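Data first, discussion second: the structure below is written as structure tokens.
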């Protein structure tokens with residue numbers, strides 16, 4: 001059995017990581033390298049083969065890294081382009097929305113102005129109607145006052161006429177009563193005279 005060969009795994013890992021390997025990959029390769037070096041089967045050909053394989057692996061990894069870097073660069077470029085397109089589309093949409101909002105505001109303002117004018121006209125019509133109603137009420141009030149005054153005056157005249165007619169009727173009744181009294185007195189006096197004549201005649205007859 002040959003002696004174990006001294007091997008600096010730390011430096012090995014350091015070199016690999018500096019050449020693009022990950023720490024895990026470098027440590028795995030270091031372990032394999034130690035195992036090979038410490039193996040009784042290890043020889044210069046194996047070491048050369050391992051070096052060559054490691055070099056090839058490193059080249060492949062570097063190539064993969066370059067491909068990944070290029071793909072990442074392309075993806076970033078595409079993303080930047082998409083972002084720019086999105087930014088432009090967003091700016092256009094914002095401008096369209098702003099313009100539409102501006103148009104909508106103008107339409108709403110126009111509608112408000114139309115409504116204001118219509119309301120103003122309606123208010124004027126209502127005010128005119130109120131003035132007409134007030135005028136009609138005033139005319140009706142005056143006519144009612146006149147009718148009441150005419151009715152009061154007519155009633156007063158009717159009462160006066162009725163009072164005068166009543167006075168006339170009372171005067172006539174009083175006159176008729178006076179006439180009846182006179183006639184009654186005349187009748188009584190006549191009756192008394194007739195009775196007196198009758199008494200006298202009886203007395204004369206008896207004498």
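The values are calculated or read from the model by the stated rules, or taken from the named source; none is laboratory data. Everything quoted here is computed from the prediction, not taken from an experiment. Cβ sites come from the backbone with ideal geometry, for glycine too, and all protein chains shown count toward neighbours.
Of all the listed residues (203, 199), the sole one being free of Cβ contacts under 8 Å to residues at least 40 places away in the same chain, in a helix (DSSP H, G or I) and loosely packed, with under 10 Cβ neighbours inside 10 Å is 203.
Here's the yes/no breakdown for (1) modelled with pLDDT of 85 or more; (2) not in a helix (DSSP H, G or I):
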| position | (1), (2) |
| --- | --- |
| 28 | yes, no |
| 32 | no, no |
| 40 | no, yes |
| 46 | no, no |
| 50 | no, no |
| 53 | no, no |
| 59 | no, no |
| 62 | no, no |
| 70 | yes, no |
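Within segment 60-72, residues that are touching a residue at least 24 places away in the same chain (Cβ under 8 Å) and at negative phi sit with their Cβ atoms under 8 Å from residues that are surrounded by 10 or more Cβ atoms within 10 Å (Cβ to Cβ) and in a helix (DSSP H, G or I), at 6+ positions apart or across chains, in these pairs: 61/25.
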